[in-house]
Amino acid sequence: MKAAVCREFGKPLEIIDVDLRPPGPGEVEVNIAACAICHTDIHYMDGAWGGELPAIYGHEAAGNIKALGPGVSGIAIGDPVLVTLIRACGSCRSCSDGNPVTCETPFDRVKASPLRMREGERTPIEQGVSTAAFAERVVVDQSQVQKIPSDIELDVACLLSCGVITGFGAATNTARVRPGSNVVVIGAGGVGLNSIQGARVAGAARVIAVDVIPEKLEGAREFGATDTVLADNRNAHREARRLAGGNGADYVFVTVGAGSVYEQAPKYLGTRGELVAVGMPASKDMAKWSPLIFAFLGQSIRGSRMGDAVLSRDIPWIVDLYRQGRVKLDELVSKRYPLERINDAIADTRSGAARRNVVVFGAQER
């Protein structure tokens with residue numbers, strides 16, 4: 001099959017033929033129809049979080065079941081599914097507590113990878129982000145797929161696999177935004193727009209979007225932001241606090257992966273406010289805070305990984321909201337690219353202008 005392979009950090013991906021073994025016990029094989037570009041993939045491509053090469057990244061995907069390994073039940077060949085990075089054993093402490101996103105069972109993405117190079121010694125290819133969906137097919141654990149209705153276009157549905165559940169779930173699962181509260185979302189990209197949608201659905205009184213790009217703020221209002229603040233100076237937090245009634249926000253969601261943004265984020269918080277860390281910076285990025293302020297004002301910091309999603313619970317709910325017109329999905333897609341132009345899609349994503357660029361398989365760019 002064809003795949004976009006990373007051979008060197010910081011360099012363009014190469015479209016080459018690679019080998020994919022059949023699914024083993026508890027695994028499924030999926031024909032990928034679409035995979036969105038996420039900044040997590042870009043961080044890995046740049047070597048910001050380590051890993052081994054060669055590797056195939058991509059994890060925000062959707063497609064149809066091609067084959068089932070022994071012991072798989074509940075899905076059938078041909079079913080449309082989401083393909084996610086949420087690989088859960090079902091029995092560790094986190095899984096037993098209902099938190100599959102933080103499954104504690106290790107998975108070796110190289111030794112257990114189903115992927116091999118076709119040249120030389122058939123070098124193993126790292127199964128990037130436990131998924132490797134920048135390829136025509138994937139073999140993943142059955143816990144990583146979730147069946148979806150057949151009437152939702154797969155190039156739109158793929159966004160549910162990461163960007164949507166990460167942002168939406170941060171508001172509804174991690175923070176459990178209270179009705180009538182004031183919310184600030186820093187970053188109006190793909191994940192930030194979904195945090196805005198989640199806060200709106202949860203009943204927030206005010207949802208204040210903060211970004212450095214005016215066009216993104218215009219789009220934020222379409223997704224439910226009641227107010228916007230252009231973060232082009234040091235007084236942005238003062239304007240946001242004013243809009244939140246003067247005391248500051250009850251919840252601040254940081255949806256961009258930059259240490260400098262995290263350093264400014266506490267300034268938006270009110271008394272007993274909660275800072276929710278959603279965007280993931282490079283490992284070397286740091287931020288400084290005053291523990292005194294957090295202790296004195298009773299504030300808190302909380303991480304949110306993949307929106308603390310439980311696929312079987314959250315995906316049907318969000319799909320239902322989408323069908324009701326209460327959650328936007330189609331509007332999140334900025335542009336579609338064929339696999340051969342994946343490097344163009346990545347470059348456009350790096351620019352910060354796109355909500356989500358989607359790589360499509362077996363279809364033309366449109």
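To keep it simple, each residue is scored yes or no on (1) assigned to a helix (DSSP H, G or I); (2) modelled with pLDDT of 95 or more; (3) surrounded by fewer than 23 Cβ atoms within 10 Å (Cβ to Cβ).
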| residue | (1), (2), (3) |
| --- | --- |
| 149 | no, yes, yes |
| 155 | yes, yes, yes |
| 164 | yes, yes, no |
| 168 | yes, yes, no |
| 173 | yes, yes, yes |
| 177 | no, yes, no |
| 180 | no, yes, yes |
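So is residue 295 open to solvent by 20 Å² or more (accessible area, probe 1.4 Å) and free of Cβ contacts under 8 Å to residues at least 24 places away in the same chain or not?
yes
Can you tell me which residue within the range 218-236, out of those that are part of a helix (DSSP H, G or I) and either small (Gly, Ala, Ser) or at pLDDT below 95 (or both), is farthest from residue 167 (Cα to Cα)?
236
Taking only pairs six or more apart or across chains, which ones have beta-carbon atoms under 7 Å, a first residue in the range 305-332 that is of a type in the set (Lys, Arg), and a second residue that is open to solvent by less than 10 Å² (accessible area, probe 1.4 Å) and not in a loop (DSSP other than H, G, I, E, B)?
328/197
So which of 23, 12 is modelled with pLDDT of 95 or more and either out of contact with any Asp or Glu (no Cβ under 7 Å at 6 or more places or on another chain) or within 27 Å of residue 192 (Cα to Cα) (or both)?
12
Regarding residue 95, is this residue over 14 Å from residue 20 (Cα atoms), free of Cβ contacts under 8 Å to residues at least 60 places away in the same chain and either of a type in the set (A, V, I, L, M) or touching a helix residue (DSSP H, G or I) at 6+ places or on another chain (Cβ under 7 Å) (or both)?
It is false that residue 95 is over 14 Å from residue 20 (Cα atoms), free of Cβ contacts under 8 Å to residues at least 60 places away in the same chain and either of a type in the set (A, V, I, L, M) or touching a helix residue (DSSP H, G or I) at 6+ places or on another chain (Cβ under 7 Å) (or both).
So that you can scan it fast, the table gives a plain yes or no per residue for (1) of a type in the set (A, V, I, L, M, F, W, C); (2) open to solvent by less than 30 Å² (accessible area, probe 1.4 Å); (3) touching a residue at least 60 places away in the same chain (Cβ under 8 Å):
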position: 53; (1), (2), (3): yes, no, yes
position: 56; (1), (2), (3): yes, yes, yes
position: 71; (1), (2), (3): no, no, no
position: 76; (1), (2), (3): yes, no, no
position: 83; (1), (2), (3): yes, yes, yes
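Of the residues that sit in the range 131-147 and are open to solvent by 10 Å² or more (accessible area, probe 1.4 Å) and of a type in the set (S, T, N, Q), which one is nearest to residue 105 (Cα to Cα)? First the steps, then the outcome.
Here is the first cut: in the range 131-147, the ones open to solvent by 10 Å² or more (accessible area, probe 1.4 Å) are 136-137, 141-143, 145-147.
Now restrict to residues that are of a type in the set (S, T, N, Q): 142-143, 146.
Working: 142: 15, 143: 13, 146: 20 Å.
Across the range 131-147, the extreme among qualifying residues is 143.
Identify all residues within the range 239-254 that are closer than 14 Å to residue 174 by Cβ and of a type in the set (A, V, I, L, M); write none if there are none.
The answer is 252, 254.
Name every residue in the range 304-343 that is open to solvent by 50 Å² or more (accessible area, probe 1.4 Å), within 30 Å of residue 13 (Cβ to Cβ) and not in a loop (DSSP other than H, G, I, E, B), in order of residue number. Before the answer, list the steps.
Step one: filter the range 304-343 for residues open to solvent by 50 Å² or more (accessible area, probe 1.4 Å), giving 305, 312-313, 316-317, 320, 322-326, 328, 330-331, 334-335, 340-341, 343.
Subsequent filtering for residues that are within 30 Å of residue 13 (Cβ to Cβ) retains 305, 328, 330-331, 334-335, 340-341, 343.
Selection gives 330, 331, 334, 335, 340, 341, 343.
Report yes if residue 185 is modelled with pLDDT of 95 or more and either among the basic types (Lys, Arg) or not in a helix (DSSP H, G or I) (or both), otherwise no.
yes
Tally the residues that are open to solvent by less than 10 Å² (accessible area, probe 1.4 Å) and among the small types (Gly, Ala, Ser), restricting the search to the range 111-129.
Of the residues in the range 111-129, 2 are open to solvent by less than 10 Å² (accessible area, probe 1.4 Å) and among the small types (Gly, Ala, Ser).
Of these, 129, 210, 110, 140, which one is over 20 Å from residue 1 (Cβ atoms) and either modelled with pLDDT of 95 or more or not acidic (Asp, Glu) (or both)?
Numbers: 129 fails: over 20 Å from residue 1 (Cβ atoms); 110 fails: over 20 Å from residue 1 (Cβ atoms); 140 fails: over 20 Å from residue 1 (Cβ atoms).
Residue meeting the stated conditions: 210.
Matching residues to (1) farther than 30 Å from residue 284 by Cβ; (2) assigned to a loop (DSSP other than H, G, I, E, B):
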residue	(1), (2)
29	yes, no
32	yes, no
52	no, yes
63	yes, no
67	yes, no
70	yes, yes
91	yes, yes
111	no, yes
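The values are calculated or read from the model by the stated rules, or taken from the named source; none is laboratory data. No experiment lies behind these values; they were computed from the predicted model shown. We place every Cβ from the backbone using ideal geometry, glycine too, and count neighbours over all the protein chains shown. Calculation scope for accessible area: heavy atoms of the full protein, side chains included, ligands and nucleic acids excluded. Shrake-Rupley method; radii C 1.70, N 1.55, O 1.52, S 1.80 Å.
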